[in-house]
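Below is one structure; the comments refer to it alone.
Just so it is clear, none of the values below were taken in a lab; they were calculated from the coordinates. Nothing here was measured: the structure is a model prediction, and the numbers come from that model. For neighbour counting, all protein chains shown are included, and Cβ atoms are generated from backbone atoms with ideal geometry for every residue, glycine included.
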Amino acid sequence: MAARAYWQGQIRLALVSIPVEIYAATKSGAQIAFHQIHEPSGKRIRYEKVVPGLGEVKAEDIVKGYEYEKGNYVLLEPDEIEAVKLESKKTLELTQFVDAADIDVLYYERPYYVVPADDLAEEAFIVLREALRRTKKVGLGQLAMRGREYIVSLKPCGRGMVLETLRYADEVNRAQGYFRDIDDSEPDPELLELAETLIEKKSKPFKADAFHDRYVDALERLIEKKKKAKGRKIIEEVDDAPIRKGSNVIDLMAALKKSVDGGGGAKKATARSAPKTPAKKTSTRKRA
């Protein structure tokens, strides 16, 4: 069965309009689904939609409502919501172009494939794609999909293009609140060189299919064991020792040297640097 378009409309660049279709570029991976079970009876727990004093209600009697004050709602029908006039529901207007590096990775949310809607749109689609490729720019605009308006970026991808929804500024927590207590002193040059050597040693091209969800595999094994255990509790042994904080730590210099030399089986622990010549610090954080 052919994939269903997630959105249909047009990309507009000044006076040029390009009919396009957008398709989901990702899908959910393998997961282990759990249900809530009433242990004494072994039966699955169900949830019912009820109104206090009336009991369970039918799905067709449920509408959307906005609470403008405690206990008072404005009720909205689906066709009233659908009729809200917003140009971006059918048109993605490219209003700005930026370098890809200008967009922080924190703002990217979800990717979609963009293809021309028909043969007539293909020429203009290809022109826009190649113009973005040659200028090494990313197009920005706003697009309304599934009940909300998104900031989106548009960039070339093979023969087509990829649209990515972006988060708004108020949806991203500022990093300073989390990073302000980290020292900003320069690291020891020898430690830094060892770390760079280790990174170079482990560098290779990214291949997504080289990774898989090992947690799902472990859960499947646990479920098989549990089926055979007839209710007996199964706790698998954990190999990793707990991370220790404080003074009981390994020497960072020794750990890096051993890692560079191929000692991948080194004991895991919190790493701290060996004594070194103090560098100038601007942080005022107290150390333990």
Bin all alpha-carbon pair distances of the chain at 5 Å intervals from 0 and give each bin's fraction as a whole percent.
1, 4, 6, 8, 8, 9, 10, 11, 11, 11, 9, 7, 4, 1, 0
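Could you pull out the trypsin sites (Lys or Arg not before Pro) across segment 152-207 that fall in loop regions by DSSP (anything but H, G, I, E, B) with no more than 11 other Cβ atoms inside 10 Å?
Working: sites: ARG159, ARG167, ARG174, ARG180, LYS201, LYS202, LYS207; in loops: ARG159, ARG167, ARG174, ARG180, LYS202, LYS207.
Here the trypsin sites (Lys or Arg not before Pro) that fit, given the DSSP loop and packing criteria, are ARG159, ARG174, ARG180, LYS202, LYS207.
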As I understand it, the dipole of segment 1-76 uses +1 on the Cβ of Lys and Arg and -1 on the Cβ of Asp and Glu, about the Cα centre. Which of GLN10, LEU54, SER41 lies farthest toward its positive end?
GLN10
Segment 1-138, Rg to Rh (Cα coordinates; Rh as Kirkwood inverse mean 1/r):
1.12
Between TYR107 and ILE32, the two model label points (7 Å from Cα along the beta-carbon direction) sit apart by a distance in nm of 3.9
So which trypsin sites (Lys or Arg not before Pro) in segment 53-151 end up in coil per DSSP with only 16 or fewer other C-beta atoms within 10 Å?
LYS58, LYS70, LYS85, LYS90, LYS136, ARG146
Net length gained if the chain between LYS58 and VAL16 were fully extended (0.36 nm per residue, minus Cα distance):
10.3 nm
So what J values fall out for segment 253-262 if you push phi through Karplus, 6.51 cos²θ - 1.76 cosθ + 1.60 with θ = phi - 60°, rounded to Hz, Gly and Pro as x?
4, 5, 5, 5, 4, 5, 5, 5, 6, x
Counting other Cβ atoms within 10 Å of each Cβ, which GluC sites (Glu not before Pro) in segment 1-109 have at most 16 and sit in a DSSP loop?
GLU48
Semi-axis lengths, Å, segment 128-203, gyration tensor of Cα atoms, sqrt of 5 times eigenvalues
37, 23, 11
In deg cm²/dmol, rounded to the nearest 500, the helical mean residue ellipticity at 222 nm of the chain, built from -39500 (n - 2.57) for every DSSP H run of length 4 or more, is -6500 deg cm²/dmol
Connecting every pair of Cα atoms under 10 Å apart in the chain and solving the GNM, the largest mean-square fluctuation among MET161, MET145, MET253 falls on MET253
Taking placed amide H atoms and a strict 5 Å upper bound, the residues 5 or more places from LEU92 or on another chain that come that close are GLN10, ILE11, ARG12
